[in-house]
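The values are calculated or read from the model by the stated rules, or taken from the named source; none is laboratory data. Just so it is clear, the structure is predicted and the values come from calculations on it, not from any experiment. Counting neighbours? That spans all protein chains shown, and the Cβs are built from the backbone with ideal geometry, glycine included. Side chains included, ligands, DNA and RNA excluded: accessible areas come from the protein's heavy atoms. Shrake-Rupley method; radii C 1.70, N 1.55, O 1.52, S 1.80 Å.
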Amino acid sequence: MAMEQRTVPQAEGTWADLNGRWFFAWRMAAACETALREVHFAMDQQRNVERTQALEKASLLLREELVRWLHRGEALDMIVERLPREPS
């Protein structure tokens, strides 16, 4: 006899889900910023032209990711700002 396992789908947009996505977006943005700083530090120390070009490409990709995560975090900020306030 097999038991049927049912899962109750959680409502999307719940506070916990929103908070988790907000936290993740800002942590990813921070990670991209840290990596971008390290790449730029490595570029300043680099003397090999080919390696510098590779680091420039990595810098461009990291900058694009940083902007993407910043936009996502800002969009989530706007959602949070529009949540109804609890009565005082």
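Results, tabulated for the structure shown:
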quantity	calculated
Test: Glu33 is part of a helix (DSSP H, G or I) and either open to solvent by 60 Å² or more (accessible area, probe 1.4 Å) or on the phi > 0 side of the Ramachandran plot (or both)	yes
Neighbours by Cβ (under 7 Å, 6+ apart or cross-chain): first from the stretch 21-38, under 16 Å from Met78 (Cβ atoms); second of a type in the set (Lys, Arg)	Ala25/Arg72
Candidate set: the stretch 71-83, residues that are of a type in the set (A, V, I, L, M, F, W, C) and open to solvent by less than 60 Å² (accessible area, probe 1.4 Å); chosen: the one farthest from Asp17 (Cα to Cα)	Ala75
Scan of the stretch 16-29 for residues that are closer than 14 Å to Glu65 by Cβ and either exposed (fewer than 14 other Cβ atoms within 10 Å of the Cβ) or basic (Lys, Arg) (or both), ordered by number	Arg27
Residues that are open to solvent by less than 70 Å² (accessible area, probe 1.4 Å) and of a type in the set (Val, Ile, Thr), drawn from the stretch 41-67	Thr52, Val67
